[in-house]
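First the structure, in the form of structure tokens, and then the observations on it.
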Protein chains: 2
Amino acid sequence: MINLHDLDGGEGSSSGAVDLAAVVDARRRLANDVHRTPLLTSRQLGAIAGGCVLLKCENLQRTGSFKARGALNAVRSLSAAERARGVTTYSSGNHGQALAWAAALEGVRAVIFMPTTAPRTKVDAARGYGAEVRFAGTTSPERKAAAEHAVATEGFVMVPPFDDPRIVAGQGTCLLEALDEAPAPDVVLVPVGGGGLCAGSALVAAASSPATRVLGIEPRDANAMTRALEAGQVVTIPPPRTIADGLMPLAVGALPFALARRHVAGTVLVDDDEIRAAVAFLATRAKLVVEPSGAVGVAALMSGRVRLDGKTAIVVLSGGNVAPAFLAEVLASGTP
Amino acid sequence: MINLHDLDGGEGSSSGAVDLAAVVDARRRLANDVHRTPLLTSRQLGAIAGGCVLLKCENLQRTGSFKARGALNAVRSLSAAERARGVTTYSSGNHGQALAWAAALEGVRAVIFMPTTAPRTKVDAARGYGAEVRFAGTTSPERKAAAEHAVATEGFVMVPPFDDPRIVAGQGTCLLEALDEAPAPDVVLVPVGGGGLCAGSALVAAASSPATRVLGIEPRDANAMTRALEAGQVVTIPPPRTIADGLMPLAVGALPFALARRHVAGTVLVDDDEIRAAVAFLATRAKLVVEPSGAVGVAALMSGRVRLDGKTAIVVLSGGNVAPAFLAEVLASGTP
């Protein structure tokens, strides 16, 4: 079931904007303010998948997801003049929370654009970090337009969620850190939304452990990377339906795509039922609260879509920000 | 609200049976087969408690609790003749699971006595590790009598849940490991049931970091250690009612009591509502699944019963084996 992507790698791309040195710089920039998250062995998952499974616990990261890495790297990469202007973004999810947190840590003003339908908890969380929340329509394009208008009229610096070299470099620190403990895994499974984590992981693996195969995992309908790799260019998919609400961009970023095209071994698609089973397994057996978007790698193993055949996998659990009511329902219905 | 115990320490006790050297031996004996569990900073809990909070995540330990440490140390301390006889115990909870696991790891026969009312999941888990399960009545004394009868008639070696030097030494490895990363915490909060973890932690702290105060945390009704320290001897309490089902022994062990009397700074009592709030907090904020018995230290901090006043605390999250339905109910009802 693995769609191996033909690695041509010969053509030019914008991936030159991020390399291992940029990730190493990001790591230095983040030191002490993001957690070095644990890499935990799961023998039960290893038995299921037929190999050794190491879980990189970014659900335990500050702000509850790996997004803290890219956001803080971006904010700490600003010039003094840029810092004075403040930052903005149009994500109401983990990136929005992470940017609010990173800006507060650096004493930089942050304005986060959210849909008028944003859950109260997300609004409160961003405000809790000290960010200003502004509401703009109900769709992502409306939000993005409002944020871009604010950039143009009020001078904010846009910190986009994934299509940005500072973001990709920051997200790359997650795998760089994991490779300290497990230097040459056979495979790395990473969730793919806009592609920032996937691209950062892929470039780190290519530079540090070339025999490691990086697989991007997507929900079946939210397959923007799979489609892009097939088409050889970024494509826009129809609005997907999936419980993995962090993996729903309609298109991957141009920079993540360029890096993935060169360095990702393939993509794997998982169903919502498989994601749900993975969330339940992680909570009841691994004792870890992981959001649906963060559990897709485990879903790929549990469903048998990826078999390890005695090999070692690092599986990135990318975040833990799940609505308590959703987790309650999964636990009440889904487990023995 | 802290009941500071008067430290006399002058009289003889059976604590000579366990010392730091025994814990260091246990650590060597366990190496590679128990997880070195993460020690995670919780800034949110630190803010609540007014200090620095480090969570020792034994919920992520093999078999889902710290009990793996003592059980494996006990099994690996057996002579060849004892190994050939097989082991038994009368705990249907975390110790029973841990002994089943440890015995399987060592190729030793294990017979676990459980009440006829034991939940199917616990029976299946023990059998899953390869142990034989026998049913004996519905009360702890009935179970204990049946196990002792099996020892007398079939020659098994009894591995009791807490009142045993090999068990106390094994449980002590948890804090020993945490002190590698945080060598001189001001205070350590440990759950107290029969007292094995508390005693092991207290002797390790006394020997390695004498300025560290170890506090035992008990549910309000399951206060066997508090009562024993007040009385100056082990006392039997009425059957308690609490959601912390791992902390319900009617009396602490003689050995744990002797060590606690010398080395524990005091005990703190928490209510079930506070424990429930701690379980919800840990799942929704810290992204960790922790059973009620394992969450009492966090309950002590969140309730304000222990204030840190700028100091550093290690809080042992002793286990994660919570019924999914219970966790679902806590999540559905207890969180914002």
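The values are calculated or read from the model by the stated rules, or taken from the named source; none is laboratory data. Please read these numbers as outputs of a predicted model, since none were measured by experiment. With ideal geometry, Cβ positions are generated from the backbone for all residues, glycine too; neighbour counts draw on all protein chains shown. These accessible areas exclude ligands, DNA and RNA; they are computed on the full protein's heavy atoms, side chains included. Shrake-Rupley method; radii C 1.70, N 1.55, O 1.52, S 1.80 Å.
In table form, for the structure just shown:
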item	result
Tally of residues being closer than 14 Å to B:G294 by Cα and surrounded by fewer than 19 Cβ atoms within 10 Å (Cβ to Cβ) across the stretch B:246-257	0
Among residues of the stretch B:32-80, those that are of a type in the set (S, T, Y) and in a strand (DSSP E or B), counted	2
A:A260 vs. criteria in contact (Cβ under 8 Å) with a residue 12 or more places away in the chain, buried (at least 24 other Cβ atoms within 10 Å of the Cβ) and away from chain B (no Cβ under 14 Å)	yes
Verdict on A:E291 being without any contact (Cβ under 8 Å) to a residue 60 or more places away in the chain and among the acidic types (D, E)	no
The stretch A:105-126 residues that are within 19 Å of A:V322 (Cα to Cα) and within 14 Å of chain B (Cβ to nearest Cβ), paired with ones that are assigned to a helix (DSSP H, G or I) and among the small types (G, A, S) (beta carbon under 8 Å, 6 or more apart)	A:K122/A:G96; A:A125/A:A100
Test result for A:V290, under 16 Å from the mean Cα position of the chain (by Cα), within 13 Å of another protein chain (Cβ to nearest Cβ) and of a type in the set (A, V, I, L, M, F, W, C)	yes
Selected residue [without any contact (Cβ under 8 Å) to a residue 12 or more places away in the chain and over 20 Å from B:P324 (Cα atoms)] from B:A136, B:A84, B:A102	B:A84
Unmet requirement for B:R166, which otherwise passes all of (1) farther than 18 Å from B:K67 by Cα; (2) of a type in the set (K, R); (3) at pLDDT 95 or above	(1)
Considering residues of the stretch B:293-316 that are within 25 Å of B:A332 (Cβ to Cβ) and open to solvent by 10 Å² or more (accessible area, probe 1.4 Å) only, the residue farthest from the other protein chains (Cβ to nearest Cβ)	B:S303
Yes/no for B:S333 being over 18 Å from the mean Cα position of the chain (by Cα) and at pLDDT below 95	yes
Criterion: at pLDDT 95 or above, under 25 Å from A:A277 (Cα atoms) and not β-branched (V, I, T) - qualifying residue of A:A228, A:A206, A:A224	A:A224
Qualifying residue in the stretch B:5-14 (condition: in contact with a strand residue (DSSP E or B) (Cβ under 8 Å, 6 or more places away or on another chain), modelled with pLDDT under 95 and either closer than 26 Å to B:G246 by Cα or more than 12 Å from chain A (Cβ to nearest Cβ) (or both))	yes
Residue match in the stretch A:151-160 (condition: within 23 Å of the chain's Cα centre (by Cα) and small (G, A, S))	no
In the stretch A:41-79, the residues that are within 13 Å of another protein chain (Cβ to nearest Cβ), open to solvent by 30 Å² or more (accessible area, probe 1.4 Å) and closer than 26 Å to B:R43 by Cα	A:T41, A:R62
Residue count for the stretch A:18-54, restricted to those that are within 19 Å of A:A202 (Cβ to Cβ), among the aliphatic types (A, V, I, L, M) and in contact (Cβ under 8 Å) with a residue 24 or more places away in the chain	8
Candidate set from the stretch B:269-283 (those that are crowded, with 23+ Cβ neighbours inside 10 Å and within 11 Å of B:L327 (Cβ to Cβ)); member that is farthest from the other protein chains (Cβ to nearest Cβ)	B:V279
The stretch A:214-248: number of residues that are assigned to a helix (DSSP H, G or I) and either within 16 Å of A:F162 (Cβ to Cβ) or not small (G, A, S) (or both)	7
Selection from the stretch B:66-110 of residues that are under 21 Å from the mean Cα position of the chain (by Cα) and of a type in the set (S, T, Y)	B:S77, B:T88, B:T89, B:Y90, B:S91, B:S92
Residue in the stretch A:41-64 that is among the polar types (S, T, N, Q) and touching a Gly at 6+ places or on another chain (Cβ under 8 Å) present	yes
